[in-house]
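The values are calculated or read from the model by the stated rules, or taken from the named source; none is laboratory data. No experiment lies behind these values; they were computed from the predicted model shown. Every residue, glycine among them, receives a Cβ derived from its backbone with ideal geometry; neighbour counts consider all protein chains shown.
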């Protein structure tokens, strides 16, 4: 019978270990992610292009899904494992239909400093306040959450439905629509507002709308969106979910530590041209495991407002849908 020498056994063990490492490196775990190409999706692009997912043996399979409803439908149908950015109202509403379908691992705050949603007015039209939009034609970012927030801000300014015309429009059409003068004003998201200002076709006259009108403080943390995983994915592949979250957290830290460098990843991944990328405002990115009690309270107030306005059918304890690893 053939017998291994001590040296042969060591060599064989090393070869087996090496082979296992190579196999592991080749067999990356796929995670299907719904992508809405706006500035608040930045951690995904950073994690992909800086190799943070690769370091964690994750391969991201992206599906371009514009707005919350397509992402929610894909999550409920187990067509995607994660939504790179999902409006919290729409995520919580999905959880009312299928509890645990949207478990947030990170959240994005919007306010007067960390700008995302804002009202813009086309060039040549004198608008100084939301009250001046009476009788005007307004475009809105798509989805029930965006429309609800736009209407809430207009209501706070004393305008009733019927005092204005509000139409949902695909985000990719916002700049062109404002350039063409199709609308008088718009409730839009970054980077569109920055592009409009750069092109001289519109100006921002109200930013940090949700923090100001819903939470009552322009500097409050309006946790309007974030990255969410499905609980089916978390339960089926807990280690993969944990590694995905670790890569996402590394991207969030990179953005917070190096915002100027991180902005470069908006180019080609969003509607952000090269000549405006350095001035695009960024939201505040925060991992769920770093949220303070006051942050969770702000999120709860935002969701409670959505219940009050009828966007959500019942009161929800938001802490049930914050996933820590």
With 39, 83 as the choices, which residue is in the same structural domain as residue 244 (by TED's automatic domain parsing), surrounded by 24 or more Cβ atoms within 10 Å (Cβ to Cβ), at pLDDT below 90 and under 26 Å from residue 256 (Cα atoms)? 39
Among what's in the range 268-296 and is under 16 Å from residue 36 (Cβ atoms) and not in a loop (DSSP other than H, G, I, E, B), pick the residue that is farthest from the chain's Cα centre (by Cα). 272
Of the numbered conditions (1) outside any strand (DSSP E or B); (2) in contact (Cβ under 8 Å) with a residue 40 or more places away in the chain, residue 205 satisfies every one except a single condition; which is it? (1)
Given 312, 322, 299, 291, which one is surrounded by 15 or more Cβ atoms within 10 Å (Cβ to Cβ) and out of contact with any strand residue (DSSP E or B) (no Cβ under 8 Å at 6 or more places or on another chain)? 312
Among the numbered criteria (1) in contact with a helix residue (DSSP H, G or I) (Cβ under 7 Å, 6 or more places away or on another chain); (2) within 22 Å of residue 118 (Cα to Cα); (3) assigned to a helix (DSSP H, G or I), which one does residue 301 miss? (1)
Would a scan of the range 237-248 turn up a residue that is surrounded by 15 or more Cβ atoms within 10 Å (Cβ to Cβ), farther than 21 Å from residue 46 by Cα, assigned by TED's automatic domain parsing to the domain that holds residue 86 and in contact with a strand residue (DSSP E or B) (Cβ under 8 Å, 6 or more places away or on another chain)? yes
Per the filter on the range 149-202, residues in contact (Cβ under 8 Å) with a residue 60 or more places away in the chain, in a loop (DSSP other than H, G, I, E, B) and either more than 27 Å from residue 223 (Cβ to Cβ) or outside the structural domain of residue 136 (by TED's automatic domain parsing) (or both) are 183, 184, 200, 201
Looking at (1) modelled with pLDDT of 95 or more; (2) touching a helix residue (DSSP H, G or I) at 6+ places or on another chain (Cβ under 8 Å), which is the one condition that is false for residue 221? (1)
Positions within the range 124-140 being assigned to a loop (DSSP other than H, G, I, E, B) and out of contact with any strand residue (DSSP E or B) (no Cβ under 6 Å at 6 or more places or on another chain), in sequence order: 124, 125, 126, 128, 129, 134, 135
